[in-house]
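Note sheet for the following structure.
Rule-based calculations on the coordinates, nothing more; no lab input. Small disclaimer: the values here were computed from a predicted structure and weren't measured. Cβ: placed from backbone, ideal geometry, glycine included. Neighbour counts: every protein chain shown.
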Amino acid sequence: MTLEREIPGWFPDAKFGIFVHWGAYSVPAWATPIGELGAVDHDEFMVRSPYAEWYANTTRIPGSPAAEHHARVHGGAPYESFLDAWGAERFDPSGWASLFAGVGARYVVLVTKHHDGICLWDAPGSGTYNAVARGPRRDLVADLAGAVRGAGLRFGTYYSGGLDWHASDLPPISRAAHLETHRPVDAEYAAYARAQLEDLVERYRPDVLWNDINWPDAGKPGLPEMFRRYYDAVPGGVVNDRWEAGWADFLTSEYSALADRETTGRPWEHIRGIGLSFGYNANETAEHHLTGPQLAHRLVDIVTRGGNLLLNVGPRADGTIPDEQLTPLRGLGEWLAAHGEAVYGTRPWAGPDRPGLLGWTATDTHVYAHLAADEPDGYPRVESSPRPA
């Protein structure tokens, strides 16, 4: 692919964004919290996935914990019944935007269609399989985009181009290899996905175009033109690497997986949840969630190595955000309020080693030593000094 451009400066300056996974999967809100992606055997991860947003897949795997749970608790109800049960009755987009801005995020990426195929806007070709026709009965993309931008943040859209369990009729993914063999690749699905993605661009002008898993093979020859049209519409926009088509403004890692993408010298972004799932998982407990100090240490590790953190929030089906996510998120926000000058707009710096050093960042005028906390379970410390000539 022959596209060439420098990444817009706002992205490497931003450092911290919020990912939002919210959908029909937030109704059953169930997965087995077995561990992080990349730290668990990949085939076991598929069958016993800790990702609640994969419920439409794991419930189709015979004998899986999710299939047994679904039969016992929901009587084997069709997955789309959760779309009708998804009320979003307490969804407050302005409240979300205020929260995200208040904890120091500089951009927000909303999942507009996950692998279950349910669209959060009235996407072309989706019929009634969207949040406008059923369930919440509102354009959730427009609602959050307006609120986020009103709070002074940039807004991006996640779209699952690589998988769609509603638009395709493929077996469930029960092994890691199935991510390649059990994905739609045909021209009909490629046209369907492209029409929806172009509609997102036309209607919402997302600052981040975040695709997942892959892009249908039949549609890959058309990606350069689609990206050029996107850049024309959103000159400051950026696209991620999960099109598997040889072009990206930035690379992505996830939990303990894809760490090699953090060391190429190119812009990168690390994604993870506060817990082990992206979608809300009522099966998680406090032990599965990072604390505020742990989040701050993760952010420091990422920023001192030149990356961004896209930290996920998984609201309940009614639109409220659980305290086990809010508490550490606000703790991180308090730390950023005190030490943001050592984070935003900085770049890694090769400073001297010293006891307790986590890493260095720098601006044109100052350098910042990020240091381990003085007390166990404490927040990182920051010391600043003028940048040496």
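Computed from Cα positions, the angle between helix 140-150 and the longest principal axis of the chain comes to roughly 20 degrees.
Once the Cα atoms are used to define both axes, helix 292-303 deviates from the longest principal axis of the chain by about 80 degrees. For the range 235-300, the alpha carbon convex hull comes to 138 Å³ per residue, rounded to a whole number.
DSSP beta bridges confined to the chain are antiparallel in about 30 percent of cases. Mind checking which of G76, G135, G236 has the largest fluctuation in a GNM of the chain, springs on alpha carbons under 10 Å? Greatest mean-square fluctuation among the candidates belongs to G76. Pairs of C-alpha atoms in the range 30-184 farther apart than 21 Å represent 54 percent of all such pairs. Evaluated at q = 0.09, 0.10, 0.11 Å⁻¹, the base-10 log of the normalised Debye intensity for the chain, with identical point scatterers placed on the Cα atoms, takes the values -0.51, -0.63, -0.77. Extending 7 Å from the Cα toward the beta-carbon at both R330 and R381 defines two label points whose distance is 2.7 nm. Evaluating 6.51 cos²θ - 1.76 cosθ + 1.60 at θ = phi - 60° for every residue in the range 51-66, the Karplus couplings come out as 8, 5, 6, 9, 4, 5, 8, 5, 6, 8, 8, x, x, 6, x, 5 Hz, glycine and proline recorded as x. With q set to 0.15, 0.17, 0.25 Å⁻¹, the log10 of I(q)/I(0) for the range 283-338, from the Debye formula over equal scatterers at the Cα positions, is -0.47, -0.59, -1.07.
As a test of the formula, what do you get for the chain when each DSSP H run with n ≥ 4 contributes -39,500 (n - 2.57) and the sum is divided by the residue count, at 222 nm and rounded to the nearest 500 deg cm²/dmol? Result for the chain, helices only: -8500 deg cm²/dmol. When you work out D = kT/(6 pi eta Rh) for the range 262-301 at 25 °C and 0.890 mPa s, using the Kirkwood radius from C-alpha pairs as Rh and the Stokes-Einstein form, the result is 206 µm²/s.
Between A85 and T365, what's the calculated FRET efficiency when r is the beta-carbon distance and R0 is 51 Å? Round to 0.05.
E(calc), rounded to 0.05, equals 0.40.
Working from the alpha-carbon coordinates of the range 236-371, get Rg over Rh, Rh being the Kirkwood radius.
Radius of gyration relative to Kirkwood radius: 0.99.
The residues neighbouring P8, those whose beta-carbon lies less than 12 Å from its own, together hold a net charge of -2 under the Lys/Arg +1, Asp/Glu -1 convention.
Measuring nothing but alpha carbons in the range 303-389 and taking Rh as the Kirkwood radius, the Rg to Rh ratio lands at 1.06. Simple point charges give the picture: +1 on the Cβ of Lys and Arg, -1 on the Cβ of Asp and Glu, and for the chain a dipole about the Cα centre of about 540 debye.
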